[in-house]
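What follows is a set of notes on a single structure, which appears directly below.
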Amino acid sequence: MKKILPISIALIFSATTVFSQKNEEKVLEDLNAKTQKYGDIAHEIWGLAEMGYLEEKSSALLQKTLSDAGFTIEKGIADIPTAFKAEFGSGYPVIAILGEYDALPGLSQQAVPEKKSADKAAGHACGHHLFGTASTAAAIAVKDWLTSNNIQGTIRFYGCPAEEGGSGKVYMVREGVFNDVDVALHWHPGAQNAASAGAALANKSAKFRFHGVSAHAAGAPERGRSALDGVEAMNAMVNMMREHIPQDARIHYVITDGGKAPNVVPDFAEVYYYSRHGKRDVVIDIFDRIVKAAEGAALGTGTTMDYEMIGGTHELLPNLTLQKIMYDNLTKVGGVTYTDEEKAFAEKVSKTLGAETLDLATAANIQPYQEEARAYGSTDVGDVSYTVPTAGLGTATWVPGTPAHSWQAVAAGGTSIGTKGMMVAAKTLTLTAMDIFKNPETVKKAKAELEERRGADFQYIPLLGNRPPALDYRK
């Protein structure tokens, strides 16, 4: 008997491995078969191009897609009309897949390889139409796998509005909607395929509003107090401040209202500021100094000033336990291969980016795994990552070399190139969730890593304070 036992164990192990592989193959085949369906959903959201907290139709479309697949929908979570939670199953573990669907203002673009406005107020220059749809596809695929294999557990999709400056997930974290979640998975469109331990900058943003006294700019200038002078004085002081902040910090602003006519001293002006850094404590300090500059500008120009916090996010906290699983699955799925038509489109876009040749290898290959990454942008996933063990990836939904928030990103996101990259993400998220369901010990390890990384004394404090969701920040 002692000689037979090891052979029996080997046979059982082999049979289990084959069964697992067949399960994975079937899941991937099903997702492949639904590429057209999910591509149509993504392109419909691309055409809607709804901005933060205004994504009524986009949110409703994803809700219906999940409801039709058997998910229970809870609308309007965290007092945000376009936020929702979709759930299937019961018990441990609870795995959440995050989805976004907001567009950016002023980036209207047709799905063509030259700059050409679509005459809309906004465009999906960060690919969130793909983000929300791929995450929906993954949640449904995981649900089907749980059902067909009679596996216990809970899969959730979180509809997360207004990532672009509106900090939608921060309000959701603040209201505790992730408190019973064991693992959170996310992804983001991009110009390459990567699943390294990501990074993102902490961020605080606000609209500074100056109030003055209007008067005829030529006939009675002495009676006026220019709100625009207040804005310009503030900007001058903040720009001088740049010399005296950490060199890896970022400050940017845009004047959203500077008056209406040159011959009228403006009695109102507004400037919208972002401050960023890799550590939230530094961001808080920089933002407080920006407020002081605004106060000084108001004093010096004889105006008054008030400001409204718009957004505030934590930096991203990586979880290597989960991230390595995500990377292994991205490697298994592979990258994007262009058809001749897609290649011709991509070559034209690539030329507008200043590239002499199209870098097909970047779309087809997976970037090497790294445990540390440099941060450039910000995301409200950062707040989720301080609450729940979180892992993510990026896929090549855009032509290689394309920067986010560009017309080239909008254009590719409206084509089959975007759909192909989206499905790479959907497959990778699905396989990663399956691996975690099959091995719940992974959750315990990931939670232990989260506790260690954020520190024993960590207390979550939202950077945007107690303000209600900024539902009108894009109006």
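Values quoted throughout were computed directly from the atomic coordinates according to the rules given, and no laboratory measurement underlies them. If you're wondering where the values come from, they're calculated on a predicted model, not measured in any experiment. Neighbour counts run over all protein chains shown; Cβ positions are idealised from the backbone, glycine included.
Add +1 for every Lys or Arg and -1 for every Asp or Glu among the other residues with Cβ under 14 Å from the Cβ of I255, and state the total.
-1
Taking the Cα centre as origin and putting +1 on Lys and Arg beta-carbons and -1 on Asp and Glu beta-carbons, what dipole magnitude results for the chain, to the nearest 20 debye?
Here the chain has a charge dipole of around 640 debye.
Based on alpha-carbon atoms only, what is the radius of gyration of segment 99-145 relative to the globular estimate 2.2 N^0.38 Å? Spell out each step's value before the answer.
Values: Rg = 13.9 Å, N = 47, 2.2 N^0.38 = 9.5 Å.
Cα-based Rg divided by the globular estimate yields 1.47.
How high is the relative contact order of the chain, given as a whole-number percent (alpha carbon pairs under 8 Å, six or more residues apart)?
Result for the chain is 22 percent.
Given segment 192-247, what whole percent of its Cα pairs are spread farther than 12 Å?
Working: 1211 of 1540 pairs.
Percent of Cα pairs beyond 12 Å in segment 192-247: 79.
In whole Hz, what ³J(HN,Hα) sequence does segment 396-411 give by Karplus (6.51, -1.76, 1.60; θ = phi - 60°), x for Gly and Pro?
Values, residue by residue: 7, 8, 10, 5, x, x, 6, x, 5, 6, 10, 5, 5, 5, 4, 4 Hz.
Per the Debye formula with a single identical scatterer at each Cα and no solvent contribution, what log10 I(q)/I(0) holds for segment 406-472 at q = 0.16, 0.19, 0.22 Å⁻¹?
-0.93, -0.88, -0.87
Nothing charged except the Cβ atoms of Lys and Arg (+1) and of Asp and Glu (-1): what's the magnitude of the dipole of segment 202-313 about its Cα centre? Round to the nearest 20 debye.
Dipole of segment 202-313, to the nearest 20 debye: 220 debye.
Please list, or write none, the lysines whose alpha carbon is within less than 16 Å of the alpha carbon of K332, excluding same-chain residues fewer than 8 places away.
Correct list for K332: K22, K26, K324, K420, K427.
Provide M234, M422 in ascending order of the number of other Cβ atoms located within 10 Å of each residue's Cβ, fewest first.
Least to most surrounded, the residues fall as M234, M422.
Hey, what do the phi angles of segment 340-348 turn into as Karplus ³J(HN,Hα) couplings, whole Hz, using 6.51/-1.76/1.60 and θ = phi - 60°, x for Gly and Pro?
Ordered by residue, 3J(HN,Hα) equals 4, 5, 5, 5, 5, 4, 5, 5, 5 Hz.
When the Cα atoms of segment 84-123 are enclosed in a convex hull and the volume is divided per residue, what value in Å³ results?
So the per-residue hull volume is 110 Å³.
Please pull out the direction-averaged projected area of segment 242-369, using the convex hull of its alpha-carbon atoms, in nm² to one decimal place.
14.1
Relative to the longest principal axis of the chain, what angle (0 to 90°, nearest 10) does the C-alpha long axis of helix 280-301 take?
20
Relative to the longest principal Cα axis of the chain, at what angle does helix 320-333 sit, 0 to 90 degrees, rounded to 10?
With rounding to tens, the tilt is 70 degrees.
Check H405: other-chain or 5+ apart residues with amide H under 5 Å from its amide H, H built from backbone geometry?
Result for H405 returns C126.
Looking at the calculated P(r) for segment 359-475, what percent of the C-alpha pair distances fall above 25 Å?
Distances greater than 25 Å cover 44 percent of the Cα pairs.
So for each of 249-257, 268-276 I average, over its residues, the number of other beta carbons within 10 Å; can you give me the resulting order with the highest mean first?
So the peptides 249-257, 268-276, ranked by packing, come out 268-276, 249-257.
When averaged across all projection directions, what area in nm² does the alpha-carbon convex hull of segment 120-199 cover?
7.4
For the chain, count all C-alpha to C-alpha pairs, find those more than 32 Å apart, and express that count as a whole percent of the total. It would help to have the intermediate numbers written out before the result.
Working: 48700 of 112575 pairs.
Percentage above 32 Å: 43.
Could you state the orientation-averaged shadow area of the convex hull built on the Cα atoms of segment 202-313, in nm² to one decimal? Please list the in-between numbers first.
Numbers: hull surface 26.0 nm².
Quarter of the Cα hull surface area: 6.5 nm².
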